[in-house]
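A short write-up of the structure that comes next.
The values are calculated or read from the model by the stated rules, or taken from the named source; none is laboratory data. As the structure is a computational prediction, the values presented were derived from the model and not from experiment. So basically every Cβ, Gly included, is an ideal-geometry build from the backbone, and we count neighbours across all protein chains shown. Areas reflect the complete protein model, heavy atoms only, side chains present, ligands, DNA and RNA absent. Shrake-Rupley method; radii C 1.70, N 1.55, O 1.52, S 1.80 Å.
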Amino acid sequence: MSFQAIYEALRVPSDPLLIICHVSPDGDAIGAALAVAHLCDTFGRPCVLVNDDEIPERYQFLPGVERFLRTSAVTEFFQYAVAVDCADLRRLGEAVRLIAPNGQLINIDHHGTNNHFGTLNLVQAEASATCLVLYRFIRANQLPMNRSLALVLYTGIVFDTGGFHYNNTTPEIHLAAADLLSYDIEPFLVADRVLEAMTREQIELVRLGLSTLTVHESGLIAYVAVDQSMLKASGARDGDVEVLLPYPRTLVGVEVGLLFRERPDGMVKVSLRSREFVDVAQIALVFGGGGHVRAAGCEVPGPLQSAVQIVMKEVEAAVHETLHKVREANA
């Protein structure tokens, strides 16, 4: 889908636009949703931002974040909606029910596993972040940029590249970041709040979570499993669990790191990260999830230990098969 077609779909209708990002929203999802809201303000179009979950505390500095409503607080239906940073409808959670039957849904994303569920689809799998897709869109349509818009876009880029550490860091992403920084953004403050700063509750959650750190006998897989009792004991929020995500994969020799999080409804959210070889998006697809080659996620039914066993079996097989192929190729 062309940038022009998406531009017309966002700008022309005067009806309110529903803006949704995936459940358990991260920096790229929140930044992209806020960017679309800022564009609606430019167009003079009313919009409503919703999510099933609360926005994590670390993103409360972003301009416009107070506009997010919980899905349960919204009762009206919308003829027009846009989903950002979401690979399929299921990841939108209950918010998808707010879209009227036969409503128009614009799908803006960068996941390689996106199934083009929208009426209109702007999916660029080679992009490092959905915020980069929107940056391209803004520049291609010569739309005005300001500090607020630049800040939410830059935040999404910083999050999805891990502060420009991940293998999706490209020359283009650095050029886009440099352009956004010219709008009086302080990059060290964004990095601090998004990637580094933690509350006392989050630190306590890290302490409790790391007590569950388990390394597979091969040394190639490691995981952390967080249940609801840990959240209660630490005083942390559900959205705070992502602070544990980097730890399993940072162990020397680990190829795949996982974070298992028990949700209040009994489902278990699984985040997968790989270092160099394994395509974790294919593992996530087995369980109805998706994502990128090196970063993906899914949800599986609980209880927690059962979910760990089921997913680990699939991960073990994928790691064994992938590394066998690597060895053969290098022989």
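Tell me what the chain gives for mean residue ellipticity at 222 nm when only DSSP H runs of n ≥ 4 count, each as -39,500 (n - 2.57), the sum divided by the residue total, rounded to 500 deg cm²/dmol.
Counting only the DSSP helices, I get -11500 deg cm²/dmol.
Ordering Ile20, Phe77, Ser211 by Cα displacement along the dipole of the chain toward the positive end leaves Phe77 in first place; charges were set at the Cβ atoms of Lys, Arg (+1) and Asp, Glu (-1).
Taking the longest Cα principal axis of the chain as reference, the axis of helix 147-160 is set at about 20 degrees.
Heavy-atom accessible surface of the range 48-167, averaged per residue, reaches 40 Å², computed with a 1.4 Å probe. Taken per residue, the accessible surface of the range 184-331 reaches 50 Å², heavy atoms only and a 1.4 Å probe.
Computed over Cα pairs, the Kirkwood radius of the range 221-280 leads via Stokes-Einstein (1.306 mPa s, 10 °C) to a diffusion coefficient of 132 µm² per second. Kindly identify the range 177-312 as rounded, prolate or oblate by the Cα gyration tensor criterion: order the square roots of the eigenvalues as a ≥ b ≥ c, call it rounded if a/c is under 1.5, otherwise compare a/b with b/c, prolate if a/b is larger, else oblate. It comes out oblate by the Cα gyration axes.
Subtracting the Cα-Cα distance of Ser182 and Ala331 from their residue separation scaled by 0.36 nm leaves 48.8 nm.
Quotient of the Cα radius of gyration of the chain and 2.2 N^0.38 Å, N being its number of residues: 0.98.
FRET efficiency for Glu276 and Gln228, Cβ-Cβ distance as r, R0 = 35 Å, nearest 0.05? Plugging the Cβ-Cβ distance into 1/(1 + (r/R0)^6) gives 0.55. With all protein chains present, how much of the accessible area of the chain (probe radius 1.4 Å) comes from carbon and sulfur, to the nearest whole percent? Carbon with sulfur: 53 percent of the solvent-accessible area. Taking a quarter of the surface of the Cα convex hull of the range 107-230 gives a mean projected area of 10.9 nm².
When the alpha carbon gyration tensor of the range 1-81 is reduced to an equivalent ellipsoid, its three semi-axes come out at 21, 15, 11 angstrom, largest first. Listed by chain and number, the lysines whose C-alpha is less than 25 Å from the C-alpha of Lys232, apart from same-chain residues fewer than 8 away, are Lys269. Only beta bridges with both residues in the range 63-176 are counted; by DSSP, about 0 percent of them are antiparallel. Relative to the Cα centre, the charge distribution of the chain, modelled as +1 at Lys and Arg Cβ and -1 at Asp and Glu Cβ, gives a dipole magnitude of about 100 debye.
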